[in-house]
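This report refers to the structure that appears directly beneath it.
The values are calculated or read from the model by the stated rules, or taken from the named source; none is laboratory data. Remember, it's a predicted structure, so these values are computed and weren't measured experimentally. Here the Cβ positions follow ideal geometry from the backbone for every residue, glycine too, while neighbour counts run over all protein chains shown.
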Amino acid sequence: MSRFVFVLGAGASAAAKAPLAANFMDKARLLLRSGGLPGIDEDAFNLVFKARDALKAVHSKADLNLGDLEVLFGAFEMAALFGRLGSLSETEVGNLPQAMRRVISRTVERTMEFPILSSPATGNRSKGWTVGPFPKLMPPPPYEPFANLLAKMGQWNGNNSAVITFNYDLGMDHALHFSQMPYSYGLSESSDGTIDLLKLHGSLNWGRCSMCKEVLPLDIGSCLQRLSVPAAGSTKFEVSGDLPLLKHCGFPLKAEPLIVPPTWNKGIYHSQLDRVWKKAARHLSEAEYIFVIGYSYPQTDEFFRYLYALGSIGDGWLEKIIVFNPDAAVGERIKGLLGPLARGKFGAFEYNFEQAVSYLTTLNLS
């Protein structure tokens, strides 16, 4: 397994304008008001905002932060379980979780920006900068230098790094593809020489067979070949519409990415993602260095608490656990879940993703 484990949160994609939990619904509302959503998406967005308006009545008797994605999704799941939410019909309440997943996937796809490389770059660049066709889609900053860091660590130590991420977006996936670094999602057995990219909440390029529930990923390289890239500037990388190109059990998959809610209730997804979660726990148990970047560790995230607590049980000797987040309170929250031994190995920096990559590049991790 891996000596070096990186845990990435939404803050890692913030520089590419991907939404955070705190501003997610604001960005979703802007998309709805833009008038550019197809009918099926517009219906889902309207239902979600109708339900959020219905929850405003809660404030007279309870305290819920309706601007926070995780709180809102959790409330919708509970409403579906109870079968009621204000004046919404039973059918509308039952459709809420699916509508929320569509809002999440479309908001991420339509807000995150990927830069465009118009022509081959000169100088000391990796192969991805120099080979065609052009124009080509670049990884969003600072994922490309992060992939370069992983490549250097592989040269020093062999391929013994792993990335665990709570993000649905394709920033990390594309950076590894662009840098020609083989990786595995952990949905099946990994091959030697690959980096595990373990997406605990699903991914925009993961679909699910409606018959047997098998999870299938779209190949990033194939998605890029089908993408129409403008001559310059930046663009979106929308892949969920390609999911029906995948077939399983004799039927094409639906154009609905596998999106696991960032809430406590993940049990219904166990059969689909248990291999990914188990592999993440194994990496944590054997890691010598754990770097947490851009992950806010909200107090409601019992999933990560138990993933870390149970995953850290093992024979691995932890040398260091470092948290990188501009919010100092995040480091204190994560420190609070550590045991006495790990606390002695703990460090925290008020760095964003780009600053964290620059700092890690200076370390001697051989």
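Quick rundown of the values:
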{"read-out": "Residue tally, condition exposed (fewer than 14 other Cβ atoms within 10 Å of the Cβ) and either polar (S, T, N, Q) or in a loop (DSSP other than H, G, I, E, B) (or both), over the stretch 220-235", "value": "7"}
{"read-out": "Single residue of the stretch 1-28 satisfying the filter (among the aliphatic types (A, V, I, L, M) and over 22 Å from Phe291 (Cα atoms)) that is modelled with the lowest pLDDT", "value": "Ala22"}
{"read-out": "When residues of the stretch 75-126 are limited to those that are among the acidic types (Asp, Glu) and closer than 26 Å to Leu30 by Cα, the one surrounded by the most Cβ atoms within 10 Å (Cβ to Cβ)", "value": "Glu109"}
{"read-out": "Of all residues in the stretch 309-366 being acidic (Asp, Glu) and at pLDDT 90 or above, the one that is farthest from the chain's Cα centre (by Cα)", "value": "Glu319"}
{"read-out": "Any hit, the stretch 80-96, residues being touching a residue at least 24 places away in the same chain (Cβ under 8 Å), hydroxyl-bearing (Ser, Thr, Tyr) and touching a Pro at 6+ places or on another chain (Cβ under 6 Å)", "value": "no"}
{"read-out": "Residue match in the stretch 239-247 (condition: closer than 20 Å to Ile164 by Cβ and buried (at least 22 other Cβ atoms within 10 Å of the Cβ))", "value": "no"}
{"read-out": "Residue under evaluation Phe114, criteria (1) under 30 Å from Lys17 (Cβ atoms); (2) out of contact with any Pro (no Cβ under 7 Å at 6 or more places or on another chain), criterion not met", "value": "(2)"}
{"read-out": "Of the criteria (1) under 21 Å from the mean Cα position of the chain (by Cα); (2) at pLDDT below 95; (3) among the β-branched types (Val, Ile, Thr), which one Thr130 fails", "value": "(1)"}
{"read-out": "When residues of the stretch 5-41 are limited to those that are touching a strand residue (DSSP E or B) at 6+ places or on another chain (Cβ under 9 Å) and buried (at least 22 other Cβ atoms within 10 Å of the Cβ), the one farthest from Gln355 (Cα to Cα)", "value": "Val5"}
{"read-out": "Residues that are small (Gly, Ala, Ser) and crowded, with 22+ Cβ neighbours inside 10 Å, drawn from the stretch 188-219", "value": "Gly202, Ser203, Gly207"}
